[in-house]
Amino acid sequence: MRPLRLATAIAMGWLAASHANAGDGKGFRLTIDGVSVGINPGDTLEVTMKDGSKVPVELQRSETVTFTGGKFSFDHDGKFTVAKTDLGGGVQQYALMTPIGTGIIVQVYKGLNPSSYTDAVLQQMVQESLNGGAKVSKRSTQRTLPSGTVLKGLKAETTTDDDVMEYEIVATGRPEGGVLVATFLNRENLPKEGGILDKFWSTLKVDF
């Protein structure tokens, strides 16, 4: 994953960006020909080189990032990050969440085909809403990825007096392993964040 793009006015030189280890409060260290400075995404700095010359540098966050999880990959906006969790039992979970609650979850299963788990995963995701009085409707669905891989599962909606949440849980796999994908979005946020899910589905690649 390459979440950062380095833009600089230097035509030649050796550049290296890494997580900061100095106490300057900056998230990254930028090293140019042996001169190191702290920098955050979006910062524009003027770095004084060893010979006294000054060089302008800028660290920008990429608009689009490709995340690779071994058996899958997808593109997402550079302002978001993907968190990995080991769920045990040969299951690795990767999750992207926005501040207003739109989410993408990818679970990679080893030694198990998750295709029959979509309904159970949906039930876990909506149970709290159902306990609070929400009504749920669901239907079968499938997603054909650009590569031709087909993921099958469910689409669902939970409805309350205040809002409607949309869910999609689909999976594909073989006896030796597979991938389960879950997305969710509050319908009122569709105009603002529907593009996040569109980008995900249009770029998702699965190696099963």
- Task: From the list GLY148, GLY153, GLY177, pick out the single residue that is more than 19 Å from MET97 (Cβ to Cβ) and in contact (Cβ under 8 Å) with a residue 60 or more places away in the chain.
- Result: GLY177
- Any hit, region 128-140, residues being of a type in the set (A, V, I, L, M, F, W, C) and either under 21 Å from the mean Cα position of the chain (by Cα) or closer than 13 Å to ASP207 by Cα (or both): no
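Every read-out reported here was derived from the displayed coordinates using simple, explicitly stated rules and does not represent laboratory data. What you see is a predicted model, and the numbers here were worked out from it, not measured in a lab. Glycine gets a Cβ as well: all are built from the backbone with ideal geometry, and neighbour counts include every protein chain shown.
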